[in-house]
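The values are calculated or read from the model by the stated rules, or taken from the named source; none is laboratory data. Quick caveat: nothing in here was measured; it's all calculated off a predicted structure. Using ideal geometry, Cβ is built from the backbone for each residue, glycine included, and neighbour counts are taken over all protein chains shown. These accessible areas exclude ligands, DNA and RNA; they are computed on the full protein's heavy atoms, side chains included. Shrake-Rupley method; radii C 1.70, N 1.55, O 1.52, S 1.80 Å.
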Amino acid sequence: MKTIAIVSQKGGSGKTTLALHLAVASAVAGRNTAVIDLDPQASAANWSDRREAELPVVLSAHASRLRHEIARVRETGGEMLFVDTAPHSDSAALEAAQRADLVLIPCRPAILDLEAITNTLAFLRTTGTPVLVVLNAIAATGQDARLATEALSAHQVETCPVRLGRRIAFARALVSGQAAQEFEPGGKAAREVAELHTFVLARLQDFKPSTNGNPLT
C-alpha cells in the first residue's frame, strides 16, 4: 500500500479538495483507495456521506488513532491511502508525514500561503519523507504561477509542474459527493487532476496497482 499525506499549516489551502480528487482518480483507475480524514471539521467524511460510489472509502479518525486506521486500511486490502490532515496541528501532520511515502503541500499563489510554507517545511524535513508542493487555485491569466514558483525555489522544495486552476468545477463537484472528473469529465479541471494523478504516481515510482477494485470493508 502507498500512503500520501496532504499537509499544510495554512487553512483554506485546498487540502481536502486535493485529497478527494486524487483519491477519486485512484479509485476510478481500479485501485482499492481510502482517505483518512483527520480534520475535526470532517469535510472529507461529509463529502463521502453525499457520495453514491463505494470508492474511495473515507474514514473519519482522531489523530491519535492514525496508526491503527492505517493498519486497518492495509489489512483490508487498501492499495492507495490519502491522509487529509488538519491545519494548525503539527503533531498530527508530523505523524502522517512520517507514515507516508510522499507528502503533498497544496499552496495557493498568495503571500500568506507562501509565507506559511516555511513553518510547514520546517517540521516536514525532520521526517525524511519526500515533499512535493502543488500550486492550487491558479488564475487562468497573469503571472501568479510563475511568481509563486520563483518564491518557492528559495525554500529548496520540489514544486509540481502540474498546477490546479481556479475552476468552479472543483467546488461544485464536491457539493454532490463527486470529483471534478465525474462532474465535468471533459473539463479543464478533470484534465488537470488526471495529469496530477499521473505525475504523483510517477513520483511514487514502484507503485503497481492490483486488479482488485473491491471496496474496503
I'd like the full set of residues that are more than 15 Å from ALA34 (Cα to Cα) and of a type outside the set (S, T, N, Q), limited to the range 60-90.
HIS62, ALA63, ARG65, ALA86, PRO87, HIS88, ASP90
What helices (runs of 4 or more DSSP H) completely inside the range 109-175 contain at least 2 residues that are closer than 23 Å to ALA190 by Cα?
144-153, 168-175
What pairs can you find where one residue is in the range 56-69 and among the basic types (Lys, Arg), the other is open to solvent by 30 Å² or more (accessible area, probe 1.4 Å), and their Cβ atoms are less than 8 Å apart, with a gap of 6+ or different chains?
ARG67/GLU95; ARG67/ARG99
Filtering strands (runs of 3 or more DSSP E) wholly in the range 39-108 for at least 3 residues that are open to solvent by 20 Å² or more (accessible area, probe 1.4 Å) and modelled with pLDDT of 95 or more gives 57-60
Determine the pairs where a residue that is free of Cβ contacts under 8 Å to residues at least 60 places away in the same chain, located within the range 99-123, has a partner that is open to solvent by 30 Å² or more (accessible area, probe 1.4 Å) and among the acidic types (Asp, Glu) with Cβ atoms under 9 Å apart, the partner being 6 or more residues away or on another chain.
PRO109/ASP144; ALA110/ASP144; PHE123/ASP90
Among (1) under 22 Å from ILE36 (Cβ atoms); (2) among the aliphatic types (A, V, I, L, M); (3) modelled with pLDDT under 90, where does LEU112 come up short?
(1)
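Could you list, in sequence order, the residues of the range 93-119 that are of a type in the set (S, T, N, Q) and touching an Asp or Glu at 6+ places or on another chain (Cβ under 9 Å)?
Going through the range 93-119, the residues of a type in the set (S, T, N, Q) turn out to be 98, 118-119.
Selection gives ASN119 alone.
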What are the residues in the range 172-201 that are open to solvent by less than 20 Å² (accessible area, probe 1.4 Å) and small (Gly, Ala, Ser), if any?
ALA173, GLY177, ALA179, ALA180, GLY187, ALA189, ALA190
Could you grab me the full set of residues in the range 19-38 that are hydrophobic (A, V, I, L, M, F, W, C), part of a loop (DSSP other than H, G, I, E, B) and either surrounded by 24 or more Cβ atoms within 10 Å (Cβ to Cβ) or in contact with a Gly (Cβ under 7 Å, 6 or more places away or on another chain) (or both)?
LEU38
